[in-house]
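Below you'll find the structure, written out as structure tokens, and then a few comments.
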């Protein structure tokens, strides 16, 4: 309060001084007009002068027709002047000249501006030192210190990332009780880098660390270091670690570190830019000449490929924790966290939603739960029903329904046959994902959708990719069979694009072509330009390029023929169920199976159940010399399921162009 009053008083004083200074300039700007003594006498004789003021040898006169004051210097002894003015009717006033202070008149033009400059300088310095002004504080760190009295996020709020949570829990435990680690000679990691796709919970885990740790926690974004002034980034890094040392031991969280930690030398031109200077200072602070064992840096990024190698080495970021998309169990736990404060109806089954959302991140699941609550509130419901969450899932995947969109009966019929072509191929091919729903209600940019339920996969088999291509081509084939080649539509554009991409990757990346063999055609070129720019290096001949084209065409044609034969075999079902789809607009999996059984007289084949392997370690007995291992009865197992669960580390790559999308498999028209 006192500080505020002082600042207010200082502001008022500066305003008053400014007004006085301005008024003095105003008075100086109001100047008299100097005329000669002869001209003044002429004006008196003509009767133009109305009033005069005599100050020693200076006469100030005012004319009758002009408000401008005239200034005249008169001779020292002129007794006729006063008589002359009186005779002409001029009003004469005489003023005794005041005693002049020569020193004041000499120094006042210098002292007043100097005083104002000094007061302004004192004001700027005081404001800068108090931190309330940004005039001299642009080099200070903008890191925010997490206060103990604010609402906390704990590890109980983090679900679906058990391994990452365990790594961070160990660091928090080290800060709370370092004795048990130091007794074994263990050193605390200097840095932990959280790596994962957007929305997987990297920042949430850091907030949980702030809530669990009993030490100060500084939070800053990577983009807050570099600004328009040269040297600001490095200065803020130094200031951040100086603050951390004052509160040691402590934690520093840098979100989106790729904004400042990109590989050095990026771009054309010189390598010494402001961002690199900031990165160099960060490298020194984390592991430079001075030891710094009391500060732990936690950083998060979704672009680890563009980070500088010196930043990733042990000693700076000792641990790189992968925060990946959750599996089905993780999604179930995440949904439970996001729905625990929401009134759910008894028919809500979280485990069903978890199975229906492969590829969803924690942010996607949070949005799903919130959309369900909004839909329930729109209907004035007291509880969230399962139908609200299912509708929310469809909205998240494909957008809201557009029942008011105007389409012709012909377009509606073509859409129904197109979607049923996808559905029947996906339903009868063994390795396709289970069909969940088919609809011809427009959603988003699509006129119709065939939704399947992809399972959690880390790799894809050759047979699975073949069936995916066949299913993608099923819509166009159904159009050709029913309406002819002249009536096919542009609705299959996305299907053809995705099928071609899968076939191309099978040939040039996955080594699944017998003619090309197990080789990679083309090489990724990682040129450093504004981070990294990926291009293809042509490391193959024209003959190989022609073979690749022929192999892609062969894969597409072979799966096109497979899908066409299947639809020809089930053509009656294609007609009947498409007609019912036009009437009902939406059919789910149970309704599809029931209709297929009615039309064809037998139930469709069931999909093989996918079994997941357990990663629990088993106890192995060490045999002594001469001891024979015990024999166990041989058990018959489903070899297909076993092969599906065996994944090597180098096979955990992206297998489909849309694998990274947090949504169900959708076919659009």
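The values are calculated or read from the model by the stated rules, or taken from the named source; none is laboratory data. Here the structure is a predicted model, which means the values were calculated and not measured. All Cβ positions, glycine included, derive from the backbone under ideal geometry; neighbour counts span all protein chains shown.
Things to note:
- Any chance residue 305 is closer than 30 Å to residue 167 by Cβ, at pLDDT below 90 and in a helix (DSSP H, G or I): yes
- One residue from 370, 341 being farther than 24 Å from residue 455 by Cβ and outside any helix (DSSP H, G or I): 341
- Among the residues of the range 216-244, those that are surrounded by fewer than 15 Cβ atoms within 10 Å (Cβ to Cβ) and assigned to a helix (DSSP H, G or I) comprise 223, 242.
- Selection count where residues are in a helix (DSSP H, G or I), exposed (fewer than 13 other Cβ atoms within 10 Å of the Cβ) and at pLDDT below 85, scope the range 157-190: 3
- Any hit, the range 375-383, residues being within 30 Å of residue 562 (Cβ to Cβ), in the same structural domain as residue 343 (by the TED database) and touching a residue at least 40 places away in the same chain (Cβ under 8 Å): no
- Residue within the range 413-429 that is at pLDDT below 95, outside the structural domain of residue 343 (by the TED database), over 36 Å from the mean Cα position of the chain (by Cα) and not in a helix (DSSP H, G or I) present: yes
- Condition broken by residue 449, with the remaining ones in (1) over 32 Å from the mean Cα position of the chain (by Cα); (2) within 17 Å of residue 579 (Cα to Cα) satisfied: (1)
- Output for the range 564-584, where each listed residue is part of a helix (DSSP H, G or I) and within 14 Å of residue 426 (Cβ to Cβ): 566, 567, 573, 574, 577
- Unique match (being crowded, with 16+ Cβ neighbours inside 10 Å, at pLDDT below 95 and assigned to a helix (DSSP H, G or I)) among 596, 587, 555: 596
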